[in-house]
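Input: a single structure, listed below in C-alpha cells.
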Amino acid sequence: MASYSKGLEGVIAAETKMSYIDGEKGVLEYVGIPIGQLAEFSTFEETVFLLWNTRLPRKGELADFSAKIRALYELPAEIQAMIGQLPKDAQPMHVMRTLVSALGMYDAKPNATDVPTVREKALKILACAPAMLAYFHRHRQGKPFVKPDANMGFAENFLYMLNGAKPTAAMVKALDVCLVLHTDHGLNNSTFSARVVISTMSDIYSAITAAIGSLRGPLHGGANEGVMIMLNEIPTVEAAEKYVHDKLAKKDKIMGFGHRVYKAYDPRASHLKVLAKQLAHDTGNMALYEKSSRIEKVMSEAVAAKGIYPNVDFYSATTYHCIGLPLDLFTPMFVLSRIGGWSGHVIEQLSDNRLFRPDVDYKGPHGVAYTPMDQR
Ligand code: SDX
C-alpha cells in the first residue's frame, strides 16, 4: 500500500500539458508561456484556445474560436425562465452550480464522452456562463435581462449584460486580465473534482457542477470574498496591523494568503497587485489598496518566513471591487474563468482516462460480533 498523505499533499494524481507551477520559485506557465506575458499580451479567448489546443492560435483560428463563443452567448429560453423563478436572495455560487447542472437537461446528448463532442459542450458552458450570472444579478435587482451582444468579446459582453451599459476599455482590459490569470492552475481542488467525476465516464455537466461546488469553499475560490469582507471590517489603514495580529494570535487564517503549492509570492498576485493599484487610483479607492498593502506588510513580517505570501485571491478582491462587481460575484468570476481550465482537464482526462479510486487506511476494529438489539 502507498503511504498516506493527508489532503493528498505532495501526491501526483494526474499529468497535464496545460499549466506548470513551480511553488518554490513562484512560477506559473500556461503551455510553457509565463503567466505575466499572457496577462500583458493575450486575451481570455486566446488563453482558452491555448490551453485546449496546447498551442497559440493563428489569426484566423482565433477569429473562428471567438466567433464560435459569441454565437453561443445566449441561454436556452428554459434556463432564462428558470432564472426568473430563482429566489432573489439565492447565493450566486449556488445559482451557478444549479444552472450549469440544469443546462445539461436541454442538451440532446448530455452524456456524450467523445472528445470532439465534449469540446463543443465545454464551449457552450463557457460561452453562456456569463449570461447565467448576469441574468441572475438583473433578476435579483428586479431589472430586465440585458441580451448578449455578439459584437463584444467575453469580458466586455459580461460587463455589458451585468450593468446594462457598455463598459470602458480600461474595465474590459482589467477584467480580461483577471480572467486570464484565473483560467488554470494545476490540480487544485476544483480541477481535481472535475477530473474525479469525469473519470467514471460521467458527463461534463456533472464534472463542472462538482468543480463549482468545490470552488465555493473559503479555503479555495471563496477566499476572494473573504478578503473583501476582511477589508470592509478593518476601519482604517492604521487599524490593519492590530487586526492581523489579533487574527494570527487566534490561529485564524488571513484570507488571500498562503497556498498548498506556492511557498513564494503567487505570480498571479504580483500582476493583480499592480492592476489593483492602478484601478484603485483611477476609481478613488486608494484607501482599499493601502489597507491591502499594509496587511501584506504585516503578514510579510509575521509569516513570510513560513512561506505564507499573498495568493491570487488577495488583490483580486480590490480589483473586482474597483471594476464595480458586487462582493458576492467575486467567486463566480473565478467560475467564469476556471470553466476554461476545468474543461481542458476534463478533455485531458477523457483522452487518457483511468478511474480515480484511491485507497484508504482502515483504522477501525476487526472480527466484531453483531449484538442483538435487546443486548445493547
Ligand atoms: C486558491 O490549489 C490551488 O491552486 C488553488 C488556487 C487556484 O488557482 O485554484 O490557487 C486558488 O484556492 C488560493 C487559496 C485561497 N485560500 C485562501 O486564501 C484561504 C486562506 N489560506 C489558507 O486556508 C491556506 O493557506 C490554504 C488552504 C490555501 C493552504 O493551506 P495548507 O497547504 O493546507 O496549509 P496549512 O493550513 O496546513 O497551513 C500551514 C501553516 C499553519 O500554521 P502551523 O499550524 O504550521 O503553525 O501555515 C499557516 C497555518 O496556520 N497558514 C496561515 C495561512 N495559511 C496557512 N496562517 C494565517 N493565514 C493564512 N492564510
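The values are calculated or read from the model by the stated rules, or taken from the named source; none is laboratory data. Keep in mind that this is a model prediction, so the values were computed, not measured. We place every Cβ from the backbone using ideal geometry, glycine too, and count neighbours over all the protein chains shown. The protein model used for the area step is the full one, side chains on, heavy atoms only, and it has no ligands, DNA or RNA in it. Shrake-Rupley method; radii C 1.70, N 1.55, O 1.52, S 1.80 Å.
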Query raised in the report: Does segment 5-47 hold any residues that are assigned to a helix (DSSP H, G or I), touching a strand residue (DSSP E or B) at 6+ places or on another chain (Cβ under 9 Å) and among the aromatic types (Phe, Trp, Tyr), and which are they?
Result: none
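Using the structure shown, decide if Glu233 is within 16 Å of the ligand (Cβ to nearest atom) and farther than 22 Å from His259 by Cβ. Quick ask: steps written out before the conclusion?
Details: within 16 Å of the ligand (Cβ to nearest atom): yes; farther than 22 Å from His259 by Cβ: yes.
It is true that Glu233 is within 16 Å of the ligand (Cβ to nearest atom) and farther than 22 Å from His259 by Cβ.
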Query - Subset of segment 237-266 (residues that are farther than 15 Å from Ser300 by Cα, open to solvent by less than 80 Å² (accessible area, probe 1.4 Å) and in contact (Cβ under 8 Å) with a residue 24 or more places away in the chain) - result: Val237, Val261
Requested in this report: For residues that are open to solvent by 40 Å² or more (accessible area, probe 1.4 Å), within 18 Å of Thr183 (Cβ to Cβ) and in contact with a helix residue (DSSP H, G or I) (Cβ under 9 Å, 6 or more places away or on another chain), tally how many sit in segment 1-20.
Outcome: 2
Query raised in the report: Which one of the conditions (1) assigned to a helix (DSSP H, G or I); (2) more than 22 Å from Lys263 (Cβ to Cβ) does Ala2 fail to meet, given that it meets all the rest?
Result: (1)
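Go through Arg268, Arg260 for me and flag whichever is near the ligand (Cβ under 10 Å from one of its atoms), out of contact with any Phe, Trp or Tyr (no Cβ under 7 Å at 6 or more places or on another chain) and assigned to a helix (DSSP H, G or I). Explain how you work it out, then say what you get.
Values: Arg260 fails: assigned to a helix (DSSP H, G or I).
The conditions single out Arg268.
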Report task. Output the residues belonging to segment 209-219 that are in a helix (DSSP H, G or I) and farther than 21 Å from Ala127 by Cβ. Result -> Gly213, Ser214
Query raised in the report: Yes or no: Leu51 of a type outside the set (Phe, Trp, Tyr), part of a helix (DSSP H, G or I) and in contact with a Ser or Thr (Cβ under 7 Å, 6 or more places away or on another chain)?
Result: yes
Query raised in the report: Between a first residue in segment 209-228 that is open to solvent by less than 20 Å² (accessible area, probe 1.4 Å) and a second residue that is acidic (Asp, Glu) and within 8 Å of the ligand (Cβ to nearest atom), which pairs have beta carbons less than 7 Å apart while being 6 or more apart in sequence or on different chains?
Result: Ala223/Asp313; Asn224/Asp313; Val227/Asp313
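May I ask you to list the residues in segment 302-341 that are among the charged types (D, E, K, R) and either touching a residue at least 24 places away in the same chain (Cβ under 8 Å) or more than 13 Å from the ligand (Cβ to nearest atom) (or both)?
Step one: filter segment 302-341 for residues among the charged types (D, E, K, R), giving 306, 313, 328, 338.
Selection gives Asp313, Asp328, Arg338.
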Query raised in the report: Conditions: (1) assigned to a helix (DSSP H, G or I); (2) away from the ligand (no atom under 11 Å from the Cβ); (3) surrounded by fewer than 19 Cβ atoms within 10 Å (Cβ to Cβ); (4) not polar (S, T, N, Q). Leu279 meets all but one. Number of the miss?
Result: (3)
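Name the helices (runs of 4 or more DSSP H) wholly inside segment 142-208 in which the number of residues that are out of contact with any Ser or Thr (no Cβ under 9 Å at 6 or more places or on another chain) is 3 or more. Let's see the steps before the verdict.
On the way: elements: 154-163, 169-182, 189-198.
Passing ranges, in order: 154-163, 169-182.
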Query raised in the report: Counting only residues that are of a type in the set (Phe, Trp, Tyr) and touching a residue at least 40 places away in the same chain (Cβ under 8 Å), which one in segment 342-376 is surrounded by the most Cβ atoms within 10 Å (Cβ to Cβ)?
Result: Trp342
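Say we look at segment 220-257 and pick out the residues that are among the acidic types (Asp, Glu), more than 19 Å from the chain's Cα centre (by Cα) and not in a loop (DSSP other than H, G, I, E, B); which of these is nearest to Met333 (Cα to Cα)? Give the derivation first.
So the first thing to find is which residues in segment 220-257 are among the acidic types (Asp, Glu), and the list is 225, 233, 238, 241, 246, 252.
Now narrow it down to the ones that are more than 19 Å from the chain's Cα centre (by Cα): 233, 238, 241, 246, 252.
This time we only want the ones that are not in a loop (DSSP other than H, G, I, E, B), so: 233, 238, 241, 246.
Working: Glu233: 22, Glu238: 30, Glu241: 29, Asp246: 30 Å.
Ranking the qualifying residues of segment 220-257, first place goes to Glu233.
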Query raised in the report: Does at least one position in segment 330-351 carry a residue that is touching a helix residue (DSSP H, G or I) at 6+ places or on another chain (Cβ under 8 Å) and part of a loop (DSSP other than H, G, I, E, B)?
Result: no
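Going by what's in this entry, would Asn285 be described as away from the ligand (no atom under 16 Å from the Cβ), at pLDDT 95 or above and open to solvent by 10 Å² or more (accessible area, probe 1.4 Å)? Steps first, answer last, please.
Values: away from the ligand (no atom under 16 Å from the Cβ): yes; at pLDDT 95 or above: yes; open to solvent by 10 Å² or more (accessible area, probe 1.4 Å): yes.
Here the answer is yes, as Asn285 does meet what is asked.
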Query raised in the report: Considering only residues of segment 189-207 that are open to solvent by 20 Å² or more (accessible area, probe 1.4 Å) and under 15 Å from the mean Cα position of the chain (by Cα), which is nearest to the ligand (Cβ to nearest atom)?
Result: Asn189
Requested in this report: Those residues that are assigned to a helix (DSSP H, G or I) and in contact with a Leu (Cβ under 9 Å, 6 or more places away or on another chain), I need them from segment 282-297; list them, please.
Outcome: Leu288, Tyr289, Lys291, Ser292, Ile295
